[in-house]
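Please read the structure below before turning to the comments.
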Amino acid sequence: MKLDEIVISKAIIESYKEKLVKALDVDVAIVGAGPAGMVCGYYLAKAGKNVALFERKLSVGGGMWGGGIMFNEIVVQDKAKGVLDEFGIKSRLYEKGYYLADSIEAVSTICSKAVKAGLKIFNLMSVEDVMVRNKRVAGLVLNWTAVEIAGLHVDPISMRSRVVVDATGHPAEVARIIEKKSGIRLKTKTGKTMGEGSMWAEVGEDTIVRNSKEICPGLYACGMCANAVFGGPRMGPIFGGMLLAGKKVAKDLIGRF
Ligand code: 48F
């Protein structure tokens with residue numbers, strides 16, 4: 001059989017178009033394919049929810065690939081070891097309470113399991129705005145990252161979702177858009193994003209799970225973004241909090257609809 005480049009091109013275009021059209025109206029839209037967003041997407045998809053995830057970069061995994069200072073190992077504490085086990089990610093005890101995992105295995109396994117469970121991931125897409133209806137976040141405004149980088153004057157497209165999850169990590173990008181543009185008060189002490197505090201792993205890891213929750217109608221914070229919104233500390237290359245945060249937000253949403 002001769003290979004025809006036009007068939008190859010049509011296959012990609014038709015299949016992608018179908019996938020994107022289905023993602024324009026979903027139960028949950030997640031922004032950011034770091035560990036928190038992908039874990040959240042995995043549990044939601046596994047529970048049968050229609051979930052789409054939009055990631056700015058070419059690669060998924062956010063800050064997990066690089067472990068600490070590019071040493072590609074991650075540390076996960078006792079409490080979150082069960083999540084590594086659920087994904088089938090190998091871990092070994094370093095000393096009491098501290099487990100180590102290979103960050104490459106962790107990212108690739110979480111991504112693989114999430115996609116196989118039904119999560120639709122759209123990489124190379126940046127969320128540049130949100131849709132707000134009746135003072136509630138109702139969807140996202142998307143553009144190609146390449147358009148953003150080139151600074152081209154190209155209008156975006158929109159998608160609708162019952163709930164949006166901000167899993168954009170340190171910059172808390174969706175929460176900041178809400179703050180800047182919508183006039184909606186966030187459920188923080190100041191009504192605005194409070195900015196993350198300096199490194200404190202013990203406090204950061206606990207608060208990140210507590211802070212991963214609804215921050216205004218229709219919008220949840222998940223993972224590092226949650227501490228950036230509520231003013232909790234950063235925690236460096238320990239990742240249990242990200243895994244537990246993703247699982248917690250998914251559980252809340254599964255219970256909600
Ligand atoms: O930063 P990231 O890995 O967030 P996370 O899942 O995990 C945090 C840890 O990696 C680490 C840490 C642990 O101590 O603090 O930083 O909370 O992943 C966030 C992802 O969101 C993407 C970004 O490219 C990254 O892959 N992202 C950010 N803003 C946008 C976005 C946007 N506007 N549109 C699409 N993707």
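Each reported figure results from applying straightforward, stated rules to the coordinates on display, with no laboratory input. From a predicted model like this one, the values you see are computed outputs, not experimental measurements. Every residue, glycine among them, receives a Cβ derived from its backbone with ideal geometry; neighbour counts consider all protein chains shown.
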Report the semi-axes of the equivalent ellipsoid for region 108-248 in whole Å, largest first, where each axis is √(5λ) for an eigenvalue λ of the Cα gyration tensor.
24, 20, 15
Assuming R0 = 22 Å, can you tell me the calculated FRET efficiency for the pair Tyr98 and His170, based on Cβ-Cβ distance, to the nearest 0.05?
0.40
Can you give the relative contact order of region 109-257 as a percent, counting alpha carbon pairs under 8 Å and 6+ residues apart?
20
With 22 Å as the limit, write out which pairs from Lys90/Lys247; Lys19/Lys90; Lys135/Lys180; Lys181/Lys251; Lys96/Lys213 have Cα-Cα distances beyond it, or answer none.
Lys19/Lys90; Lys181/Lys251; Lys96/Lys213
When ranked by the protection proxy of mean other Cβ atoms within 10 Å per residue, highest first, what sequence do the peptides 58-67, 178-187 form?
58-67, 178-187
With a point put 7 Å past each Cα toward its Cβ, work out how far Ile149 is from Glu86 in nm, to one decimal.
3.4
What FRET efficiency do you get for Val21 and Lys192 if R0 is 51 Å and r is their Cβ-Cβ distance, rounded to the nearest 0.05?
0.90
Dipole of the chain, Cα-centred, from +1 at each Lys and Arg C-beta and -1 at each Asp and Glu C-beta, to the nearest 20 debye?
880
Given a Förster radius of 22 Å and the C-beta distance between Leu58 and Ala11 as r, what FRET efficiency does 1/(1 + (r/R0)^6) yield to the nearest 0.05?
0.60
Under 8 Å for C-alpha pairs, at least 6 residues apart: give me the relative contact order for the chain, rounded to a whole percent.
23
By the C-alpha gyration tensor axes a ≥ b ≥ c (rounded if a/c is under 1.5, else prolate when a/b exceeds b/c, else oblate), the shape of region 1-129 is prolate
For a protection proxy built on the mean count of beta-carbon atoms within 10 angstrom, sort 51-57, 127-133, 217-223 highest first, please.
217-223, 51-57, 127-133
Gyration tensor (alpha-carbon) shape descriptor, the chain, a/c threshold 1.5:
oblate
